[in-house]
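First up is the structure itself, then whatever we jot down about it.
Readers should treat all values here as calculations from the given coordinates under stated rules, not as data from a laboratory. Being a predicted model, the structure only gives us computed values, none of them experimental. Here Cβ is always computed from backbone atoms with ideal geometry, including for glycine, and neighbour counts include all displayed protein chains.
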Amino acid sequence: MRPDDTSTSRAVLVTGASRGIGRAIATGFAAQGDRVAVHWSTSRERAEQALAELPGEGHVLVQADLADAEAAGHLVDDAARLLGGLDVLVNNAGVFTAHPPLQTSWTDWQQAWSRTLAVNLVGAAHATFRAVPHLVAAGGGAVVNVSSRGAFRGEPDNPAYGASKAGMNAFAQSMAIALAPHGISVTCVAPGFVQTEMAREVLDGPGGDAVRAQSPYGRVARPEEVASAVLWLASPGARFSTGTFVDVNGASYLRS
């Protein structure tokens, strides 16, 4: 679909779409009539359930370990083939492994950094690279990256995660400049804590109330609220907002 055409169903790839934020994003695109490729890495059963619950038709499943460069490339090409093209890529898939520097072994430290950067940053970069020819062929499109509040404020117990998301932000800005002449916008959404399975241990634990109190709303974000920001950034009306970051953290962290 051309970026100025709102009458045609778009082809959308959402990585990490079997649960949490990714699932909400996939549902949001499907609800507005788009065809969605639901990416999964380790749980086909969960992905099939997510696919079955999407409204509309034309949705597909695609699998890859984004830490594997070749697999990440094939993922994008497979999605474009199954959907008949590609108009939007959402880099949502990510891993989050606690590794506080004074409480982590040298071996675990290395593993945390290697896996986190491979999936969260390098995997997203490879997926974007392979998506570009398809987006150009479509006459333009959008890449939306799900970053994090931690990219700006730091993640002392998960430094690799914060670094991977900061890297994603810098990568997005570089690609925004490089791809704008081709009608492709590149942006980031930066959530704080979100009510997902990944955050359940923290939110249901003894520190949960303190986390919710970080926002003047007294709660954390819902996945659908993050999805709303992603859908707007992927919309034709947001093309000129390329290179921007949208915070979805309930004023729990404010930056100038």
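Before moving on, here are some points about what is shown:
- The number of residues in region 79-105 being polar (S, T, N, Q), in contact with a helix residue (DSSP H, G or I) (Cβ under 8 Å, 6 or more places away or on another chain) and without any contact (Cβ under 8 Å) to a residue 60 or more places away in the chain comes to 1.
- Filter pass, ARG81 being within 14 Å of the chain's Cα centre (by Cα), surrounded by fewer than 20 Cβ atoms within 10 Å (Cβ to Cβ) and charged (D, E, K, R): no
- Options GLY218, GLY250, GLY243: the member that is in a loop (DSSP other than H, G, I, E, B) and under 12 Å from ASN145 (Cβ atoms): GLY243
- Of residues in region 65-78 being touching a helix residue (DSSP H, G or I) at 6+ places or on another chain (Cβ under 8 Å), of a type outside the set (D, E, K, R) and surrounded by fewer than 23 Cβ atoms within 10 Å (Cβ to Cβ), the one farthest from SER164 (Cα to Cα): GLY73
- Residue count for region 198-215, restricted to those that are out of contact with any Phe, Trp or Tyr (no Cβ under 7 Å at 6 or more places or on another chain) and in a loop (DSSP other than H, G, I, E, B): 7
- Some residue of region 223-234 being buried (at least 17 other Cβ atoms within 10 Å of the Cβ), outside any helix (DSSP H, G or I) and touching a residue at least 60 places away in the same chain (Cβ under 8 Å): yes
- Residue check for SER256: of a type outside the set (A, V, I, L, M), surrounded by fewer than 19 Cβ atoms within 10 Å (Cβ to Cβ) and part of a helix (DSSP H, G or I): no
- Assessment of region 185-193 against the conditions (more than 21 Å from LEU117 (Cβ to Cβ), surrounded by 17 or more Cβ atoms within 10 Å (Cβ to Cβ), under 14 Å from the mean Cα position of the chain (by Cα) and not hydroxyl-bearing (Ser, Thr, Tyr)) yields at least one matching residue.
- Positions within region 90-106 being hydrophobic (A, V, I, L, M, F, W, C) and under 24 Å from the mean Cα position of the chain (by Cα), in sequence order: VAL90, ALA93, VAL95, PHE96, ALA98
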